[in-house]
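Heads up, the thing below is written out as structure tokens.
The values are calculated or read from the model by the stated rules, or taken from the named source; none is laboratory data. In this text, all values refer to a predicted model and were calculated from it rather than measured experimentally. Cβ placement follows ideal geometry from the backbone for every residue including glycine, while neighbour counts extend to all protein chains displayed. For accessibility, only protein heavy atoms count, side chains too; no ligands or nucleic acids. Shrake-Rupley method; radii C 1.70, N 1.55, O 1.52, S 1.80 Å.
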Amino acid sequence: MTAIELRPVTPADSEFCFQLHKAAMGDYITAIWGWDEQRQRGFQDRSFNPDRWQIITADGADIGMIDVERRPTEIYLSRIEILPGHQGHGTGTRLISALIDEARRKGQDLVLDVLTGNTGARALYQRLGMTEVARHGPGNIKITMRSARPCREDPHAT
């Protein structure tokens with residue numbers, strides 16, 4: 001099995017993260033808004049967050065990034081991007097499953113947003129037990145999905 005690890009992002013990773021975003025999300029962004037290189041670089045510069053972002057490695061090679069925000073009542077997967085050549089090999093499943101497990105241990109949900117056109121990601125999230133809870137954005141282009149917390153038995157039930 002491929003060794004998947006996370007490492008902190010550094011300022012030197014900024015260009016990798018931009019090229020990753022372009023490779024992993026470019027087609028979806030182009031279909032909705034059109035790809036504007038300058039605008040996307042601006043987005044990258046504003047969103048680059050060394051305090052939260054982590055680089056995903058497979059057998060020591062950088063293959064993606066993940067941005068997780070641990071909120072008081074939920075875990076929010078703000079972003080996960082994996083190079084297309086490494087998609088479909090279980091990396092996303094392993095990482096998201098670990099976040100769902102963490103959320104359950106804390107009595108929380110894992111929450112994320114996905115573009116409606118990203119059917120592969122939506123199918124993965126659904127396979128992992130996440131359900132659609134809302135649509136938002138212009139033309140409802142984003143779907144909010146949430147993992148279900150395990151049911152707790154009511155100690156007062158008879």
message = Please report the net charge: other residues with Cβ closer than 12 Å to the Cβ of GLU132, K and R +1, D and E -1.
response = +3
inquiry  = If R₀ is 22 angstrom, what is the calculated FRET efficiency for the pair LEU6 and ASP51, using the beta carbon separation as r and rounding to 0.05?
reply    = 0.95
request  = Compute the distance in nm between two label points, each set 7 Å from the Cα along the Cα-to-Cβ direction, one at ARG70 and one at TRP35.
outcome  = 3.6 nm
ask   = Averaged per residue, what accessible area in Å² does the chain show with a 1.4 Å probe, protein chains only?
value = 58 Å²
key: TRP33 accessible area, 1.4 Å probe, all protein chains in place, Å² to nearest 10   = 150 Å²
request  = Post the alpha-carbon centroid distance, the stretch 1-18 to the stretch 46-114, in whole angstrom.
outcome  = 12 Å
note = Simple SL model, points at 7 angstrom along Cα→Cβ for PHE43 and ALA61; separation in nm is 2.6 nm
ask   = Can you list the residues, at least 5 places off or on another chain, whose amide H is less than 5 Å from the amide H of ILE141, using H built in the peptide plane?
value = HIS136
remark   = Expressed as a percent, the accessible surface of the chain that is carbon or sulfur, using a 1.4 Å probe and the full set of protein chains, is 50 percent
request  = Kindly state, to the nearest 0.05, the FRET efficiency for GLN19 paired with ILE141, given R0 = 22 Å and r defined as their beta-carbon distance.
outcome  = 0.40
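What is the local net charge at GLU15, summed over the other residues whose Cβ is closer than 15 Å to its Cβ (Lys, Arg +1; Asp, Glu -1)? Could you put the intermediate results ahead of the total?
Numbers: positive: LYS22, ARG41; negative: ASP13, GLU37, ASP45, ASP62, GLU81.
That works out to -3.
Would you calculate a helix-derived [θ] at 222 nm for the chain, using -39,500 (n - 2.57) for each DSSP H run of n ≥ 4 and dividing by the full residue count, to the nearest 500? Let's see the in-between values first.
On the way: 4 runs with 54 residues, N = 158.
Calculated at 222 nm, the ellipticity per residue is -11000 deg cm²/dmol.
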query = Normalised by the number of residues in the chain, what is the relative contact order in percent for Cα pairs under 8 Å and 6+ residues apart?
reply = 18 percent
ask   = For ARG71, what charge total do you get from the other residues with a beta carbon under 11 Å from its beta carbon, if Lys and Arg give +1 and Asp and Glu give -1?
value = -1
task = Starting from the Cα of ARG94, step 7 Å along the direction of its Cβ; do the same at GLU132; then give the gap between the two resulting points in nm.
result = 3.1 nm
request  = Assign one of three labels to the stretch 78-124, namely rounded, prolate or oblate, based on the Cα gyration tensor with a ≥ b ≥ c the square roots of its eigenvalues; rounded applies when a/c is under 1.5, prolate when it is not and a/b is larger than b/c, and oblate otherwise.
outcome  = oblate
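Is the C-alpha gyration tensor of the stretch 37-111 telling us rounded, prolate or oblate? Criteria: a/c under 1.5 is rounded; beyond that, a/b larger than b/c is prolate, otherwise oblate. Walk me through the intermediate numbers first.
Numbers: a/c = 2.34, a/b = 1.24, b/c = 1.89.
It comes out oblate by the Cα gyration axes.
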key: Cβ-based charge dipole, the stretch 24-158, positive-most Cα from ILE32, ALA58, ALA98   = ALA98
